[in-house]
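Input: a single structure, listed below in structure tokens.
The values are calculated or read from the model by the stated rules, or taken from the named source; none is laboratory data. Everything numeric in this text was worked out from a predicted model, so none of it was measured. Here Cβ is always computed from backbone atoms with ideal geometry, including for glycine, and neighbour counts include all displayed protein chains. For accessibility, only protein heavy atoms count, side chains too; no ligands or nucleic acids. Shrake-Rupley method; radii C 1.70, N 1.55, O 1.52, S 1.80 Å.
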Amino acid sequence: QSDLTQPSSVSATPGQPVTISCSGSNSNIGSNYVFWYQQLPGSAPTLLIYTNNRRPSGVPDRFSGSKSGTSASLAISGLRSEDEAHYYCAAWDDSLSGVVFGGGTQLTVL
Amino acid sequence: QVQLQASGPGLVKTSETLSLTCSVSGDSMIAYYWNWVRQPAGGGLEWIGRIHVSGSTNYNPSLKSRVTMTLDTSKKFFSLSLKSVTAADTAVYFCAREATRRAWFDPWGQGTRVTVFS
């Protein structure tokens, strides 16, 4: 059981929007930045969103992040087949003095 | 551009110590935290711990009693030692640089697979 809660899977058709939620607590999301990572099959994770809602260079603006209270969300607009991957949220946890990850969400493009 | 390369023995016997190394190229190790994250087959990511050039460390409380991390800035590598391994430690182990905010991992190494056998 992970410290951050994500849906195990989501799916949508190409061109449709999709949102992945990440629920935490006051000690992690509620008081620290949220990061999102994309993991393509057979690859290492890569940074997708940093400090709640910023995109690294090279990440399409179809990807956006938001945070409110103890929850965060990753939104993907205009879904494409290459977006099929696992997505993880992460945050520092003040109570644990460590990093916590969500359990991961598998995105399927139908 | 910084690159990380994790390496180590692919097989470790139950109850022995797992030792991995992550080589860093393309940038200085100063001013960053250096992390280990693992992923069992078909599972999610689990943070193991981190080390700073100052010697400061933070470990996952669930692994803390078995984990040691070290770092050598002159040779540009950091290492993970996990003792008394069991089958539950079988996973792909990733190393990652932590940027200016905690949990900001970029880049990641390619990962090295470790299987614990009896």
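The one condition from (1) open to solvent by less than 10 Å² (accessible area, probe 1.4 Å); (2) within 12 Å of chain B (Cβ to nearest Cβ) that A:ARG54 does not meet is (1). Listed by position, the strands (runs of 3 or more DSSP E) contained in segment B:74-118 that have at least 1 residues being surrounded by fewer than 19 Cβ atoms within 10 Å (Cβ to Cβ), more than 9 Å from every other protein chain (Cβ to nearest Cβ) and touching a strand residue (DSSP E or B) at 6+ places or on another chain (Cβ under 7 Å) are B:77-82, B:112-117. Just so you know, in segment A:1-45 the residues that are at pLDDT below 95 and under 17 Å from A:GLU84 (Cβ atoms) include one that is least open to solvent (accessible area, probe 1.4 Å), and it is A:GLY42.
Which residues, counting only those in segment A:87-99, are surrounded by 21 or more Cβ atoms within 10 Å (Cβ to Cβ), more than 7 Å from chain B (Cβ to nearest Cβ) and over 16 Å from A:VAL59 (Cβ atoms)? Scanning segment A:87-99 gives a single hit, A:ASP93. In segment B:26-51, the qualifying residues are those that are over 15 Å from B:LEU71 (Cβ atoms) and assigned to a strand (DSSP E or B), and the one that is most open to solvent (accessible area, probe 1.4 Å) is B:GLU46. At least 1 residues being β-branched (Val, Ile, Thr) is the threshold, and among the strands (runs of 3 or more DSSP E) wholly inside segment A:10-110 those reaching it are A:18-23, A:34-39, A:46-49, A:71-76, A:98-101, A:105-109.
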